[in-house]
Each structure stands twice: as C-alpha cells, then as structure tokens.
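Participant: Structure below; questions to follow.
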Amino acid sequence: MILALIAIAALLLPLPFLGVAPNRLLPGEGVSALDAAGFWVAVPVVLLALGAWRRLPGWAGAAAAALGVVAVLGLAGAAANDRLADLAPAARASFGAGFWVAIVAGLSLVAMRGAWMGLAVAVGAAVLWAMGGLDRLSLVVEATARADALQSAIWTHLALAGAALALALLVAVPLAWAGFRRPRLGAVMGAALSGVQVVPAIALFALLIPLLAALLRAVPALRDLGLGAVGWLPAVLATAAYLALPLWRSLSGGLASADPAAVQAAEAMGMTEGRILAEVRLPLALPVFAGGLRVAVVQAIGLVTLGGLVGAGGLGAVVFEGLSQFATDLMLLGALPILLLALAADTLARAAENRLARPA
Amino acid sequence: MKRFRRGVPALLLALGLAVLAMPEVAAWLMGGTQGPYPAARLLDLALDHAALSLAGVLPAGLLGLVLGVVVTRPGGRGLRPAADAAAAVAQAVPPIVVVALAVPAFGFGWAPTILALMLYGIMPVLRATVGALEAVPPETRLAAEAVGLSPRQVLQEVELALAWPLVLDGLRVALVLAVATTAVGALAGAATLGTPIVIGLQNQNQVLVLQGAAATAALAFLADALLLMAVPARD
C-alpha cells in the first residue's frame, strides 16, 4: 500500500529524521534515520511493511503498523539519547521532516486498517516516555519543563470552549424557534449567520477588542462585573459567533423535519402546541440537532485557539508564543493537545449521535 | 440575465467592504491616530491572497471530486467509510492548528497554509459530489445503460452532466471558506490580507485590523459573486 511505501521511503531516504542543535535557538543539523539509528531502522520498516500486507487480517495489520509507529518514535528517542550524550544539557534534538512524514503515513495506515489500534500507539508512546526512552527529545524536555503551565492551559482552553458553546446555544435556541415560527425571519437569520462565517476568524477576534473597549467606556458598570476588552470575553464572544450557524441550522432543520402528517395527527388528537413540541417535534429533531452540536463542539475547541491572540490564554497562547519565537517545540506543544482534544470530542460525539439515531 | 443577477448582492457587499478597507475610510471610522495601510500594498496582498487561496482550493477540489466519483462507483463503495472518516478528521482539525503543526515540518511560508486549505477544502467538495451523484435518478442511469452507453460514458455524459451544478456549488462554498481562512497564513509568514491584521494586533493599531478584515471579506464575497455568475442557475 502506498502509505507504507511513503513511510518506509521517509525512513530510508536521506531526509532529516532528527535535527541536533547546540541549543534551542540555533537551527539544527539534520541527521537521516539511517545515520541516526543504523540497521535498527529495519525494525519499523519491516513492521510497517507487514502493516500493509493484504494477506494479514485487519487487526494484525493494524497491530503491526501500530508497533511500527511506536518503533519510529522509539528510534527517534534512542537516537536523541545517543547523539546528545556527549553534548551540553542545552543541546536539543528535534523531529525532522523525515520523522513527520513517517509518523503521519504510519498513523494513517493504522487508521485504515483498524482505527482502534490508535490506542495501542498511545499506550506504546506512554510506555516509552515512562521508561525514559524519549527524555532527550526537545519536545519532551519542553513539555516536562512546562507541565504545570500546559495543564492549566488545557483547562482554560476547555473552559473557554464550553463557555462559547453555552453562549451560542443560548442565542441559537430562541433564534431557531423564532425562525421556525416565521420562515421569512428565518431566511434573514440564515443569511446573517452565514455572513459571519466569511469574516476571517483572526479579524473577528481582533476587532472585538476596540468594540468592547468602546462599550466598556460607555457603560463603566460592566467593568465592575469583571468584564474586560482583552481576555476571555472577546474570545468567547467571537467563538460563539461562529458556532451559532451550525447550531441554528441543525435546530431549524430538526424542527422542520417533523412530518406534517404526524403534527396534524397530534393536533387532531387535541394536543396543545406545547405538547406537540415536547412529544412530536423535539424527539424527531434530536438526531439532526446532535449532528450540529458535534460540529459546534469540535469547532469550539479549534476556534478558541485564536483566543491566544487576544489575551484569553489557553493552548492558543502556547501556539502563538511558539510562532512568535520560531520555537517549533512550543508550537507543537500547543497544537498537538488541540488536535487530540478535537479528535476525541469528534469521536465521542459521533458515538453519542449514532446511539441517538438508532430507533429506540 | 438570471445567472448574472444571482451574483449581484454578493458583488455589492464586496464593493462595500472594499470601500471600508480603503485607508482613508478605515482610519476615519476608527478615529485612529496611527497610520493606515497603503492601498497599493493592500492590493498586492490581495493578489497574493487570491493566488494562495486558489493554490490550496484547486487541489482540494480535484481530490474531493475524484474521491466523490470513486466512492460512488460499484468498485469503490467499500472505500466510502474510510473517505468519510478521513474527510471528517480533516474538517475537525482547525486550519490554525494545521498551520501550527505544519510549520515545524515545512518551515514558514506558503506551504503550511496550502496544506491547511487543502485539508479544509476536501470535505465540502466531496460531500457535494457524493450528494449530487446520488441524486441522479436511478431510472436515468438505467436508461443510459439501456441505450448502450459504457459505464464511463454514463459517468461523463449523464451523471456528471446532471451533477455538475451541485458540484460547482460545493466548490464555491469551499473557495469562499478558503479565502476567509487564508488570512490565518499570515501567522506562518505568508503574505496575505491577514498580514495587516497581525501587524495591527501586535502594534494595537485597530485601523490595520479593520482594513485586513474588510479586505479579506471583500475578496471572499467577490469570489462568491464571480462563481455565482459563472455557474448556471439550478431551477
């Protein structure tokens, strides 16, 4: 399979697998996988090739590919331990393009053959980390040094995303109901909420600062409530503005999805408007709404990242600190948890959605 | 002409936003004492921005179209779950995160942004293509087969011909989103209309932020208008 070929080529070709630098500011000197690990490269190469072998059943192929990915990581860790043994503690070993290509192609192979084997990769990486096999890798050094800050950034990130989601729901639910009752109004809302999506996200986050500053100047009482023009407020407002569309659209779609015949039957039975809503419309709307909620949750986790630009903190602050210092480890340290959180939220929400969609 | 009229609201919106992005207008609105971004350089950035958006969206559109055709063929149906899952993952990862992950691998410049746009653009086109091909009535397909067309001719002359407007609609959505998203590239060192936004944020110059935002939105609506006018109306 093509994915295994890409991963193997990345390991065997003279691509920089590891970058070794005297400190974290200087650019590293590239070391290819063959130079870094010698004949040990054969271990991941064989495992990845097995992972792509069609004769193997899916679970065995996925397991081989997962072991191959862990082996790539282990080789990088071992090579870093080896190369940095004689150098000053400030010396850094960072991942190179060859490593990234091999890891991404390997993980894609795992996902193709059996996605749940991704757990095995996580367990393998955790074991390597616990055994000290990754200790000299720059990313791990940075993560250990910033463990506390990183942990609080993750919680801030989740809190911001949750607040934005709650606010968006608070706005979208009444809007969807009003738009459902008066379709003409609904069309206007749809156009307005879609229009928001065209505003570049960084601009909306940035423009909220002067707007909020003006508002706080006009109504100083708000300042006493702990609201500020910089910080969590612009991040939550801007994120909620983008989340409103998927929530509103799925709510409206869900409300409209009730079969008119079912509604008429309920009316004929003498149900009041409120009971029709509770017993006919909402149960039918729920699965559609669940899809919109999933999109909104995943988007919230991603969009809140830009809060780092307006002083809200969270993982975005780590990413932007890295981007402004050209510190790749910091960028990864911020971006990898966001990626994992978004994927985890997507998987969980998808499972919940499938359960809802199944007729009771 | 009907197709021409469809694009007019977006075109007017684009014009209004372009006026808003003009240095004098933005500076007057913000009451700024700091210098605005010169119009000539804003125009240069707009061209770079448009080129970068196209460089990301065209491969994504092609990939989405090809994938959409493959997973609706009898031989490719098995790939459908994998393609759906891959597109969903690509959509779940926000562009800014893709950029932050791609910078260590590819360095600063255009590459991280193109990658992010590609990942982001596949899903709308894939979804539109699959939806449009599945909406072709089975009787039409059977009739085409009955008159002796080969599977390839059925695809080219019947299915794609019928699906084309919907596919182009998906491409339009992907392009508009891409133009808005390309602004993020400024954080990875690509010259885009996000550049004044980032400079403005760093120097607390709100005039630059407004100019960059308005110009990006203007470009997005312009792309929307042009494609709306180019695509035949469906009805």
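Coordinate-derived values only; no laboratory data. The structure displayed is predicted, hence computed values, not measured ones. Methodologically, a virtual Cβ is constructed for each residue, glycine included, from the backbone with ideal geometry; neighbour enumeration extends over all protein chains shown.
Participant: Post the alpha-carbon centroid distance, the stretch A:1-74 to the stretch A:270-316, in whole angstrom.
Facilitator: Answer, in whole Å: 40.
Participant: Run the helix sum for chain B: -39,500 (n - 2.57) per DSSP H stretch of 4+ residues, divided by residue count, reported at 222 nm to the nearest 500 deg cm²/dmol.
Facilitator: -25000 deg cm²/dmol
Participant: In whole Hz and in residue order, list the ³J(HN,Hα) couplings for the stretch B:5-11 that follow from phi through the Karplus curve 6.51 cos²θ - 1.76 cosθ + 1.60, θ = phi - 60°; x for Gly and Pro.
Facilitator: Those phi angles translate into 5, 4, x, 5, x, 4, 5 Hz.
Participant: Using modelled amide H (1.01 Å from N, peptide plane; none on Pro or chain starts), what sits under 5 Å from the amide H of A:L18, excluding residues fewer than 5 places away?
Facilitator: A:V31, A:G96
Participant: Output wanted: per-residue J couplings in Hz (rounded whole) for the stretch A:117-132, from phi through Karplus 6.51 cos²θ - 1.76 cosθ + 1.60, θ = phi - 60°, x for Gly and Pro.
Facilitator: Listing the rounded values in order: 5, x, 4, 4, 4, 4, 5, x, 4, 5, 5, 4, 5, 4, 7, x Hz.
Participant: Separate question: What number, rounded to the nearest 500 deg cm²/dmol, is the helix-based mean residue ellipticity at 222 nm of chain A, given -39500 (n - 2.57) per DSSP H run of at least four residues and division by all its residues?
Facilitator: -24500 deg cm²/dmol
Participant: Please give me, ordered by residue number, the trypsin sites (Lys or Arg not before Pro) of the stretch A:27-123 that lie in loop per DSSP and have at most 14 other Cβ atoms within 10 Å.
Facilitator: A:R54, A:R55
Participant: List, in order, the whole-Hz ³J(HN,Hα) value for each residue of the stretch A:229-245 obtained from phi through the Karplus relation with A = 6.51, B = -1.76, C = 1.60 and θ = phi - 60°; use x for Gly and Pro.
Facilitator: My calculation for the stretch A:229-245 gives 6, 10, x, 6, 4, x, 5, 5, 4, 5, 4, 4, 4, 7, 6, 4, 5 Hz in order.
Participant: If you don't mind, there's one more thing I want to ask. Against the longest alpha carbon principal axis of chain A, how many degrees, from 0 to 90 and to the nearest 10, is the axis of helix A:2-12 turned?
Facilitator: The helix A:2-12 is inclined about 40 degrees to chain A.
Participant: Run the dipole for the protein assembly as shown about the Cα centre, Lys and Arg Cβ at +1, Asp and Glu Cβ at -1, nothing else charged, and hand back the magnitude in debye, nearest 20.
Facilitator: Roughly 960 debye for the protein assembly as shown.
Participant: Using only the alpha-carbon atoms of the stretch A:3-128, report the extent along each of the three principal axes, biggest first, to the nearest angstrom.
Facilitator: Cα extents, longest axis first: 47, 28, 22 Å.
Participant: Something else now. Let me see the pair-distance distribution of the stretch A:147-357: every alpha carbon pair, 5 Å bin width, integer percents in order.
Facilitator: Percent of Cα pairs in each bin: 1, 7, 13, 15, 16, 14, 12, 9, 6, 4, 2, 1, 0, 0.
Participant: Something else now. With labels modelled as points extended 7 Å from the Cα through the Cβ direction, what inter-label distance (nm, one decimal) is found for A:R55 paired with A:Q325?
Facilitator: Simple spin-label model gives 5.2 nm for this pair.
Participant: Arranged by the count of other C-beta atoms within 10 angstrom, fewest first, what order do A:I209, A:I301, A:I6 take?
Facilitator: Taking fewest neighbouring Cβ atoms as first place, the list is A:I6, A:I209, A:I301.
Participant: If you find the alpha carbon centre of the stretch B:163-200 and of the stretch A:111-174, how far apart are they in angstrom?
Facilitator: 28 Å
Participant: Another question about this same structure. Where a ≥ b ≥ c are the square roots of the eigenvalues of the C-alpha gyration tensor, would you call chain B rounded, which needs a/c under 1.5, or, failing that, prolate if a/b is larger than b/c, or oblate?
Facilitator: oblate
Participant: Is the protein assembly as shown best put as rounded, prolate or oblate by its Cα gyration tensor, with a ≥ b ≥ c the root eigenvalues, rounded for a/c under 1.5, and otherwise prolate when a/b is larger than b/c, oblate when not?
Facilitator: oblate
Participant: Still on this structure, I have one more. Pick out which of A:L11, A:L150, A:L212 has the largest mean-square fluctuation in a Gaussian network model of chain A, springs linking Cα atoms closer than 10 Å.
Facilitator: Largest GNM mean-square fluctuation: A:L212.
Participant: Using amide H atoms built in the peptide plane, which far-off residues or other-chain residues are under 5 Å from A:A312 H to H?
Facilitator: A:G231
Participant: Please work out the C-alpha center-to-center distance from the stretch A:213-257 to the stretch A:320-360 and express it in whole Å.
Facilitator: 22 Å
Participant: Using a Gaussian network model of chain A with C-alpha springs under 10 Å, which one of A:L332, A:L222, A:L282 is most mobile by mean-square fluctuation?
Facilitator: A:L222
Participant: Can you give the angle from 0 to 90° between the axis of helix A:58-84 and the longest principal axis of chain A, with both taken from C-alpha atoms, to the nearest 10?
Facilitator: That works out to roughly 60 degrees.
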